[in-house]
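Here's the structure, in structure tokens; my notes come after.
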Amino acid sequence: TGGGSAVIASYEINTGPATDAALVGWGAGTWGAGVWGTGGTNTEALRIWTIQNFGQDAVYGPEDGSMYYWNATVGYVPSTVTMTIASPCVVTSLVNIIDGQVFTFTTTGALPTGIVVGTTYYAKILTPTTFKLALTAGGTDINTSGTQSGVHGISPRMMPLTALAGAADTPTVQALFLISAVDRFLITFGANDYGSAVQDKMLIRWADQESLILWTPAITNQAGSIRLSHGSQIVAAVQTKQEILVWTDSALYAMQYVGPPYVWSVRLVADNTTIISSGAAAAAGDAVYWMGRDKFYVYNGRSQTLRCDLQKFIFDGLNINQADQCFASTVERYTEVWFFYCETSSTTLGRYAVYNYTEDAWTYGTMTRTAWMDSGLYTSPIAATYSQNLVDQESGVDDGEVWNITSPIEAYITSSEFDIGDGHNFGFVWRLLPDVTFVGSNVAAPTATMYLLPLQNSGSGYNNPLSVAGNASGAVTQVVEVPIETFTGQVNIRVRGRQMAIKIASNKVGTTWQMGSPRIDVRPDGRR
């Protein structure tokens with residue numbers, strides 16, 4: 001303010017919205033959409049970023065945006081440098097710099113005349129830690145004059161791939177990308193074609209092997225592209241042991257590296273299949289599991305529908321307007337695949353479904369997580385919470401989501417309903433053998449509660465008629481509620497119903513339990 005020297009502004013890329021949000025009002029939708037005068041509706045889409053390691057460095061990019069490169073040698077805070085006021089200027093760094101490395105500068109004071117904050121510069125190496133500067137790769141040396149003040153540093157910001165030294169035909173827009181695990185190709189999906197700025201949602205392009213900058217196909221390199229035919233856009237891609245699976249909005253393809261001249265081959269694996277979001281697939285063992293828009297799938301050499309006991313419960317309770325938030329991950333330790341999704345009318349990832357692929361069993365629950373990463377380097381997965389914390393999953397027996405606060409985990413499991421014979425007789429239960437252990441609990445007297453939930457008729461709902469308490473250890477109002485301790489061998493009860501279910505639950509700090517094979521003594525007790 002008030003005039004004076006020039007002001008330099010650094011542009012930041014907006015992280016984008018965290019949820020899909022409806023835009024309402026004039027200009028929000030296309031012409032003619034909606035009721036006259038309201039302007040129609042449109043959706044501001046959740047912005048999804050792709051992050052891939054390239055050695056110790058990283059490549060970043062938002063969906064339908066450009067790609068950027070982060071150099072790990074610089075770090076995540078400005079790396080201090082000193083500059084000479086000379087012709088040419090010589091910069092001395094605390095970290096090693098390679099020839100042609102591209103970066104910008106920061107300062108707490110003023111840079112010498114000739115150097116500007118926010119401008120992209122290229123290094124011309126003298127020694128690993130000293131270099132001259134140019135405005136283009138290998139260009140004219142930059143001279144400096146005047147004075148300088150403060151502490152100068154190399155900015156830790158990402159640099160556009162298009163700005164890297166030697167970059168040619170680099171895609172300027174993409175839907176997602178990955179770096180192949182063994183062959184080290186940077187592969188983009190839904191990118192713009194050579195010589196065009198228009199995004200092609202079905203185009204796959206890849207750079208030369210071990211390169212981030214060489215995208216022009218030639219006889220001397222392995223850069224190339226291929227366009228898929230089934231679908232209207234590429235939605236997701238996952239690396240497996242032998243191939244890369246690519247989903248469009250209506251088909252599944254498999255990519256395999258075959259070497260020159262074709263480099264990558266693509267074959268159609270399945271048609272008329274869907275995936276609900278770009279993050280809804282996870283590789284586990286020798287298979288890939290994913291969540292479609294109305295069912296689950298597995299690929300283990302061929303694509304097939306995955307049997308799911310909870311299919312109606314999950315998809316009837318899913319907020320399809322927040323489908324982009326859905327994601328999948330694994331807990332290899334327990335041979336599980338986890339699927340997180342938003343409950344109906346909610347914008348929070350608060351529900352999950354778990355598939356155990358060795359036992360072919362499903363379970364579900366409620367837990368808010370925004371990200372999840374399984375890793376062989378750690379004994380437990382790492383997850384991100386809505387309170388901006390990273391937590392160790394499947395570790396300990398209590399809820400540590402809120403920093404420095406220990407809360408109990410409300411844990412429960414309920415059996416399916418069972419009956420006697422064909423279900424025409426009532427059953428009378430007079431004794432329960434719980435078979436519950438508390439190994440791993442870190443409190444002196446861990447406890448859990450078991451319930452017997454009776455139904456008068458199939459589908460009538462629990463506790464009709466009300467259950468009757470037969471023991472003095474716990475008051476019962478609607479169901480038989482039995483406290484279970486470490487040495488509880490059996491409990492005498494009285495409960496009557498045409499069908500029943502068993503439930504066990506706990507909600508105390510330091511408590512963990514395992515249920516074996518609980519038994520009940522039950523006898524026929526009439527038909528009314």
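We did not get these values from a lab; they are worked out from the coordinates using the rules stated. What you are looking at is a predicted structure, and each value in this text was computed from that prediction instead of being measured. Virtual Cβ from ideal backbone geometry, glycine too; neighbours counted across all protein chains shown.
When each of the peptides 500-508, 403-411, 376-384 is scored by the mean number of other C-beta atoms lying within 10 Å of its residues, the order from highest to lowest reads 500-508, 376-384, 403-411. Dipole orientation for the chain: of the candidates T19, G317, T82, G317 has the Cα lying most toward the positive pole (charges on Cβ; Lys, Arg +1; Asp, Glu -1). In the chain, if the dipole is taken from +1 on Lys/Arg beta carbons and -1 on Asp/Glu beta carbons about the Cα centre, which of I382, V298, P260 is farthest to the positive end? Looking along the dipole axis, the top candidate is V298.
Straight Cα distances below 29 angstrom link K312 to the lysines K295, K503, with same-chain residues fewer than 8 positions distant left out.
Evaluated at q = 0.08, 0.09 Å⁻¹, a Debye calculation over the C-alpha positions of the chain (equal weights, vacuum) places log10 I(q)/I(0) at -0.72, -0.85. Around A445, with a cut-off of 15 angstrom between Cβ atoms, what is the net charge of the other residues, counting Lys and Arg +1 and Asp and Glu -1? That sum, taken over residues with Cβ under 15 Å, equals 0.
Over every Cα atom in the range 169-210, the radius of gyration and the widest Cα-Cα span, Dmax, amount to 10.1, 31 Å. Per-peptide packing, taken as the mean over residues of other Cβ atoms within 10 Å, places 268-281, 353-366 in the sequence 268-281, 353-366 from highest down.
Once both labels are positioned 7 Å from their Cα atoms along Cα-to-Cβ, the gap between L23 and T347 label points is 1.5 nm. Backbone phi angles across the range 299-310, fed through the Karplus curve with coefficients 6.51, -1.76 and 1.60 (θ = phi - 60°), yield HN-Hα couplings of 10, 9, x, 8, 8, 8, 5, 8, 4, 9, 5, 9 Hz in residue order; Gly and Pro are listed as x. Under 5 Å between amide hydrogens, built in the peptide plane, is the criterion, and for A236 it picks out W247 among residues at least 5 positions away or on other chains. Its residue count N sets the reference 2.2 N^0.38 Å, and the alpha-carbon radius of gyration of the range 325-398 equals 1.08 times that reference. Using alpha-carbon positions, what is the distance between the centroids of the range 211-287 and the range 76-150, in Å? Here the two parts' Cα centres lie 41 Å apart. Sorted from longest to shortest, the spans of the Cα atoms of the range 144-194 along the three principal axes equal 48, 25, 19 Å.
Among 433-440, 309-316, sorting by the average number of other beta carbon atoms lying within 10 angstrom of each residue, highest first, gives 433-440, 309-316. Of all aspartates and glutamates in the structure, the ones whose alpha carbon falls short of 14 Å from that of K132, not counting any fewer than 8 places away in one chain, are D99, D141.
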